[in-house]
Amino acid sequence: MWSSTSSTAAIPSDEEPSESSSSSSFSSSLFNFSSGNPRIEETRGLMHLFPDDTPSTLPVGRKPLVCVVGVPNHMTYADFCQFCGSFIQHMLEMRIVRMDGMEDQYSVLVRFDDQDSTDSFYKHYNGRRFSSLEVEVCRVLFTLDVQYTGSIEHAQPSNATSTELPTCPVCLERLDQDTGGILTTICNHSFHCSCISKWADSSCPVCRYCQQQAEKSICFVCQTTENLWICVICGYVGCGRYKGGHAIIHWKETQHCYSLEVETKRVWDYVGDNYVHRLIQSKTDGKLIELNTQCAHADNGCGSCSCEDNAMNEAILNSKVEAIVNEYNELLATQLENQKLYFESLLQEVKEESERKISKAVQKAISLKQQKIQSKIDRCKKEKKFLDDLNENLVKNEDIWKTKILAIEEREKKTTRLMDDRVADLEMQVKDSDFLIFFFLGNYNVHSV
């Protein structure tokens, strides 16, 4: 379905294509990509992208085909469809692919119905953040051509999935580009965009393949990724004895004697110093198979040994099953009891440590409270002393002012008496003056007559 977008024939995988093979008149960059479930079938190809040296100008010779590069793995298909917004109506096809060298990101090939929608999508989303809370920026590059170089089958697919009908697995309607856009997941399963946008999980609704792969395990101490062992009791990850030996150190500290080798999926018993896991996971199809063991007489060319008799082996195996089950149950019970004691000791240590911290915190809080109360008491004493001094000064000033007021009143009284005496003298003088005047006027009248 998507291969119809490629304008050139697929080239063999053993030939290295050159940049000029796509188009001699356009300057483009060549990128390798892949898609599909790596456990089943992986499709590889090449895409020719226009460089984004001048994002403000649109390249000449562009097509209604773009590639959104570097989408974070935590963005699901529904998140990307929601991010595209109203442009989802103009998208005919979308294909999720992996770009070589981008392990934590994926890319999306998008084919639009016309060139105007493609240009509008480029101008609107190129350089825009996927979210306001993230630093990842959406990079949109015009795509000149897509070529498929071949596919690699890692496992034989089942008959039920070898030939898929052109219908959407969600709504069971035909995958018609005229009725709606089509999205092809990274595991090469196609859906309607409206159907996959309702799928909130990052896995495929058909095969459950998750585009966000789990992170590689590392040693908890030295951070190495080689020769790792996982404790089957507590999940501690440590390196083997040929690296830093942190797995065996963990066994000596915790007495967790069973550890799983990450690479071979086999369980090692540190007490018995041998492997105890009898089933391992096949790297071909992921199924559980029995761990091969050699006969003790195989080196001598034994041809009639009892180990070659399948019936005898089955009888011996059946007779030992109950004993093995009891043994494993007893080992499991012992390990669980040890684990219980170990974690109870850890809980006790944590409880004692928390009690010490609480006691220390309470003492510190009490001392701080006492210091604050003492500082308030000292401040109140200083204020009281200040007020007492001020009151004493005010009392002294009151006595002084009372004495001054009495003296002033005494002076006022003396001044008033002096004024009264002076007024009385003046009144006597006035009376005497009036008599003299009257006497002189009488004498004057007599002489005049």
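Return yes when Trp251 is in contact with an Asp or Glu (Cβ under 9 Å, 6 or more places away or on another chain) and of a type in the set (Phe, Trp, Tyr) and no when it is not.
Taking the combined requirement at face value, the residue does not satisfy it.
Could you please find all residues in region 100-115 being out of contact with any helix residue (DSSP H, G or I) (no Cβ under 8 Å at 6 or more places or on another chain), surrounded by 15 or more Cβ atoms within 10 Å (Cβ to Cβ) and over 23 Å from Val206 (Cα atoms)?
Met102
Quick one: count up the residues across region 172-187 that are open to solvent by 50 Å² or more (accessible area, probe 1.4 Å), assigned to a loop (DSSP other than H, G, I, E, B) and either of a type outside the set (S, T, N, Q) or at pLDDT 75 or above (or both).
4
Hey, does region 55-69 have a residue that's open to solvent by less than 60 Å² (accessible area, probe 1.4 Å), farther than 20 Å from Leu183 by Cβ and polar (S, T, N, Q)?
no
When you go through Phe121, Phe130 one by one, which is the residue that is aromatic (Phe, Trp, Tyr) and closer than 30 Å to Lys216 by Cβ?
Phe130
For region 232-250, state whether one or more residues are out of contact with any strand residue (DSSP E or B) (no Cβ under 9 Å at 6 or more places or on another chain) and either among the hydrophobic types (A, V, I, L, M, F, W, C) or closer than 30 Å to Glu41 by Cα (or both).
Yes, that holds for at least one residue.
If you take just the helices (runs of 4 or more DSSP H) that sit entirely in region 73-162, which of them hold at least 2 residues that are in the same structural domain as Thr57 (by the TED database) and modelled with pLDDT under 85?
Output list reads 77-84.
Are there any pairs, at least 6 apart or on different chains, whose C-beta atoms fall under 9 Å, with the first in region 372-396 and touching a residue at least 12 places away in the same chain (Cβ under 8 Å) and the second surrounded by 10 or more Cβ atoms within 10 Å (Cβ to Cβ) and not charged (D, E, K, R), and if so, which?
Nothing qualifies.
Under 9 Å between Cβ atoms, at least 6 apart or on separate chains: pull out the pairs that start in region 129-147 with a residue that is within 11 Å of Val68 (Cβ to Cβ) and open to solvent by less than 40 Å² (accessible area, probe 1.4 Å) and end on any residue that is charged (D, E, K, R) and in a strand (DSSP E or B).
Within 9 Å, the pairs are Cys138/Arg129; Thr143/Arg111.
If you take the residues of region 249-262 that are under 33 Å from the mean Cα position of the chain (by Cα) and assigned to a helix (DSSP H, G or I), which of them is surrounded by the fewest Cβ atoms within 10 Å (Cβ to Cβ)?
Filtering first and then ranking leaves Glu253.
Going through region 70-99 one residue at a time, which ones are over 26 Å from the mean Cα position of the chain (by Cα), surrounded by fewer than 22 Cβ atoms within 10 Å (Cβ to Cβ) and among the charged types (D, E, K, R)?
Result: Glu93, single match.
The values are calculated or read from the model by the stated rules, or taken from the named source; none is laboratory data. The model shown is predicted, which means the values in this text are computed figures rather than measured ones. Quick reminder, even Gly has a Cβ in these numbers, built from the backbone with ideal geometry, and neighbours come from all protein chains shown. Heads up: the accessible areas ignore ligands, DNA and RNA and are worked out on the full protein's heavy atoms, side chains in. Shrake-Rupley method; radii C 1.70, N 1.55, O 1.52, S 1.80 Å.
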